[in-house]
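Trainee: I'd like to ask you about the structure that follows.
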């Protein structure tokens, strides 16, 4: 069997269904093997987009997402996607080509040390030096990518190794049970919760698993504990729940932070310090923290829990549920008040229909038209704060945002992957004009794949987030503004449908029509962030001071 055939058979054995990428001459043996396989090759227009799609596939399915590049500039284009998957805990396998390693007549042309380059950005990076080692390398790489904490892995397949004749066979993928926390630790966690007066639950990205979601819902219903989440923990528990206190979208001084400051114990389920901190611990503070995760806590200047509950999260929550009864002295009266004030503030801002649109109105209108299981894939920009804070996610993985690497350019590829994984659900990409243009070429890929997809491009003709920060620091505006193409014509040039919102009342009507019409639709929406300093900082600070 040829080594490239063996490689593809090993991928099939792991359940790989799609492979996203851009081929090169060093990957032609692998491409021929893919042509004769059950794996669907998805040709993208840039390797970064292929990586974003593979990472999102891994995030949504829990299986490894796979992407392909050639050597040199191809594999360097995967670097950002690798960091995206690694920091965001998304299982992803990158395969890159390389010149022949036994004998080559091209010197150092296009050669970079991809193994050394990928080492700090992956859980594992390996070069195949003999075809018979392929089954071992693929099996171990996939295991590491999927094992908690998930992340990125990389395999380099040189051109001459790919065409070797091999005698090895693929391994059968094994299953493994995750370790469970010991009973003494569960008992101690229950004792700490019972002793607390104002306990609060934090839900992070590590809890974004179906079993954990169900366990947490039962736990919250039984105990009556209030909960909040990180940005990447949105939707783990339905945010319409009466005990939901909000999402940690701002750094401090929000309504939610008032509750966090009053809490005397935080049950931290599935969060780690790679995501932007949702709260800060202080050495002389009065708040204790219980860390519940698949792995022990990474101690940081702002995070040093009093107890680690290490093991399968769903199992830990279920056992804690069995050993914990609500305490009569728990006092949630202040949390009740915080929730009321937060909901009132969000409703007030959602009614502001000025044009160009404010982010709060935009968020409310989109929430109103998206079905419960509809998926929003966010790029990165100032609008992300509004969606994280104000958009209630009803189900797991229905608001896809990145709060770990926080890379621009991921919104459109992520939405495309989501649509492929869930072909029967409504999917919408939310992109700033800056982030959209970083991978705008994938509009052609979406059209070629005949995806039913809505892409909202929020236009302020600037790198709005950094401009906002620049203004907040008292610096004069400089180096942030640009011009944009006519996005309607841009969409039509790629075979998509272009739309423009010209007044606030048009937004929900246009978006609903696009969601209900087949094809790729790009909707240009003018936005205005000029009042965000007043809305998100000054006004909230004033209103929370009165709590």
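Trainee: Just the residues that are touching a helix residue (DSSP H, G or I) at 6+ places or on another chain (Cβ under 8 Å), assigned to a strand (DSSP E or B) and surrounded by fewer than 21 Cβ atoms within 10 Å (Cβ to Cβ), please, taken from segment 500-533.
Mentor: 500 - this is the single residue of segment 500-533 that is touching a helix residue (DSSP H, G or I) at 6+ places or on another chain (Cβ under 8 Å), assigned to a strand (DSSP E or B) and surrounded by fewer than 21 Cβ atoms within 10 Å (Cβ to Cβ).
Trainee: Would you kindly identify the strands (runs of 3 or more DSSP E) lying entirely within segment 21-126 that contain at least 3 residues that are modelled with pLDDT of 95 or more and within 30 Å of residue 207 (Cα to Cα)?
Mentor: On the way: elements: 40-43, 65-69, 92-98.
Answer list for segment 21-126: 65-69, 92-98.
Trainee: Follow-up. Being in the same structural domain as residue 201 (by TED's automatic domain parsing) and within 30 Å of residue 368 (Cα to Cα) narrows it down to one of 277, 305, so name that one.
Mentor: Values: 305 fails: within 30 Å of residue 368 (Cα to Cα).
Being in the same structural domain as residue 201 (by TED's automatic domain parsing) and within 30 Å of residue 368 (Cα to Cα) holds for just one of 277, 305, which is 277.
Rundown of residues vs (1) farther than 24 Å from residue 426 by Cα; (2) assigned by TED's automatic domain parsing to the domain that holds residue 382; (3) under 26 Å from the mean Cα position of the chain (by Cα); (4) touching a residue at least 40 places away in the same chain (Cβ under 8 Å), yes/no style:
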position: 454; (1), (2), (3), (4): no, yes, yes, yes
position: 469; (1), (2), (3), (4): yes, yes, yes, no
position: 473; (1), (2), (3), (4): yes, yes, no, no
position: 506; (1), (2), (3), (4): no, yes, no, no
position: 520; (1), (2), (3), (4): no, yes, yes, yes
position: 524; (1), (2), (3), (4): no, yes, yes, yes
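Trainee: So is residue 242 in a loop (DSSP other than H, G, I, E, B), at pLDDT 95 or above and within 18 Å of residue 293 (Cα to Cα) or not?
Mentor: Working: in a loop (DSSP other than H, G, I, E, B): yes; at pLDDT 95 or above: yes; within 18 Å of residue 293 (Cα to Cα): no.
Here the answer is no, as residue 242 does not meet what is asked.
Trainee: Looking only at segment 489-499, filter to residues that are in a helix (DSSP H, G or I) and more than 28 Å from the chain's Cα centre (by Cα); which one of those is surrounded by the fewest Cβ atoms within 10 Å (Cβ to Cβ)? Before you say what the answer is, go through the steps one by one.
Mentor: Here is the first cut: in segment 489-499, the residues in a helix (DSSP H, G or I) are 489-493.
So of that shortlist, the ones also more than 28 Å from the chain's Cα centre (by Cα) come out as 489, 492-493.
Numbers: 489: 10, 492: 13, 493: 13.
Restricting to residues being in a helix (DSSP H, G or I) and more than 28 Å from the chain's Cα centre (by Cα), the top hit is 489.
Trainee: Six or more apart or on different chains, Cβ under 6 Å: which pairs go from a residue in segment 390-415 that's in the same structural domain as residue 66 (by TED's automatic domain parsing) and assigned to a loop (DSSP other than H, G, I, E, B) to one that's modelled with pLDDT under 95 and surrounded by 24 or more Cβ atoms within 10 Å (Cβ to Cβ)? Could you list them?
Mentor: none
Trainee: Taking segment 253-286, which residues are surrounded by fewer than 21 Cβ atoms within 10 Å (Cβ to Cβ), within 18 Å of residue 386 (Cα to Cα) and touching a helix residue (DSSP H, G or I) at 6+ places or on another chain (Cβ under 9 Å)?
Mentor: Within segment 253-286, 253, 276 meet the criteria.
Trainee: Related question: Quick one: in segment 213-222, of everything that is at pLDDT 95 or above and touching a helix residue (DSSP H, G or I) at 6+ places or on another chain (Cβ under 8 Å), which residue is farthest from residue 270 (Cα to Cα)?
Mentor: 218
Trainee: Let me ask you something else. Tell me, please, whether a residue that is part of a strand (DSSP E or B), out of contact with any helix residue (DSSP H, G or I) (no Cβ under 6 Å at 6 or more places or on another chain) and either under 21 Å from residue 82 (Cβ atoms) or modelled with pLDDT of 95 or more (or both) can be found in segment 178-201.
Mentor: Yes - at least one qualifying residue is present in segment 178-201.
Trainee: Which of the residues spanning segment 317-359 are closer than 22 Å to residue 400 by Cβ and modelled with pLDDT of 90 or more?
Mentor: Hit for segment 317-359 is 357, nothing else.
The values are calculated or read from the model by the stated rules, or taken from the named source; none is laboratory data. Just so you know, these numbers come straight off a predicted model, no measurement behind them. For neighbour counting, all protein chains shown are included, and Cβ atoms are generated from backbone atoms with ideal geometry for every residue, glycine included.
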